[in-house]
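Just so it is clear, none of the values below were taken in a lab; they were calculated from the coordinates. No experiment lies behind these values; they were computed from the predicted model shown. Counting neighbours? That spans all protein chains shown, and the Cβs are built from the backbone with ideal geometry, glycine included.
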Amino acid sequence: MTACRTLRGMPWRPWEDVLALVELAAPSACAGCGRAGLRWCPACAADLAGTAPRTWTPTPRPPGFPPTWAGPAYEGAVRAAVVAWKDGGRADLTGTVLAPVLRDVLAAALAASPDHRAAVARGSPVALVPAPSARRSTRQRGEHRVRSLAAAAVRGAGPLRVVDVLELSRRVADQAGLGAAQRRRNLQGAVRVRPRGTPAVAGLPCVLVDDVVTTGATLSECARALTVARSGPVVAVTVAATARRSRPSQAAAPAPAGRLSVPRRAD
Ligand SMILES: [Zn+2]
């Protein structure tokens, strides 16, 4: 037990220690524009914060695509930051840069969905369900990054619970580079709720979480899997939306800045 703690009694997080060492050894650069100095510069921060959360519908709309809210367009500094966060060793962006954006998108989604809003107002659980990650990606990244993002976005926010129950039931090809129809075929029937995970979502309003919505194939397949597990109504939130393949269908209600407007649970 003592081996897992530092002398100051803080939990030992080897991954964070490794990142800190890497940062000391390498010069810092902005994850959005690459400029030397700050690891996330004010100009890129303005890019990320410049778009109010909105509903997004891909064109064409895949069958079963859930009502989805997203942050800014997936381009420029936003795209660079998400890529760096996912596969460029910039896990530090989770809490400081991406979680605040997701938190605002989530607040807008909860406000706009009557079922979710009512559950939050009652203090009943709402399941925040990360899109599944391939085992190999999770291993390479050292964590399920979208799950960490979801957890960072709702830290301390009452009835919202991160429920990591979705998994891939078979191997799927990398979605990058596939068209809309190919992505749909690639994922069809490939996502399921883990057998022991069903009670965690049955009857509950669910919010799917992913980093980016592109063709909507992933969110549609995840929503199908939740419905099979007899979840309550499903909506989805993402940090960003691919601009070329999506169109904003309505502006969401203004989201409260920086905090979720949900009551905290007594426990
Ligand atoms: Zn920058």
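So for the pair GLN175, VAL83, with labels modelled 7 Å out along Cα→Cβ, what separation do we get in nm?
1.7
With a point put 7 Å past each Cα toward its Cβ, work out how far THR96 is from ALA121 in nm, to one decimal.
My value for the distance between the label points is 3.9 nm.
Hey, if you put +1 on the Cβ of every Lys and Arg and -1 on every Asp and Glu Cβ in region 51-251, which of GLY179, VAL213, ALA118 ends up farthest toward the positive end of that dipole?
Result: GLY179.
Using 0.36 nm per residue of separation minus the Cα-Cα distance, give me the extension gain between LEU38 and ALA202 in nm, one decimal. Display every interim value, and only then the final one.
Details: separation 164, 0.36 × 164 = 59.04 nm, distance 4.46 nm.
Here the answer is 54.6 nm.
Pull up all non-local amide H partners of VAL162: gap of 5 or more, or a different chain, and H-to-H distance under 5 Å with H placed in the peptide plane.
Here the answer is LEU128, since their amide H atoms fall under 5 Å of that of VAL162.
Which stretch or stretches of region 198-222 have amide N atoms under 16 Å from the point lying 7 Å from GLN140's Cα along the Cα→Cβ direction?
So the set is empty, nothing qualifies.
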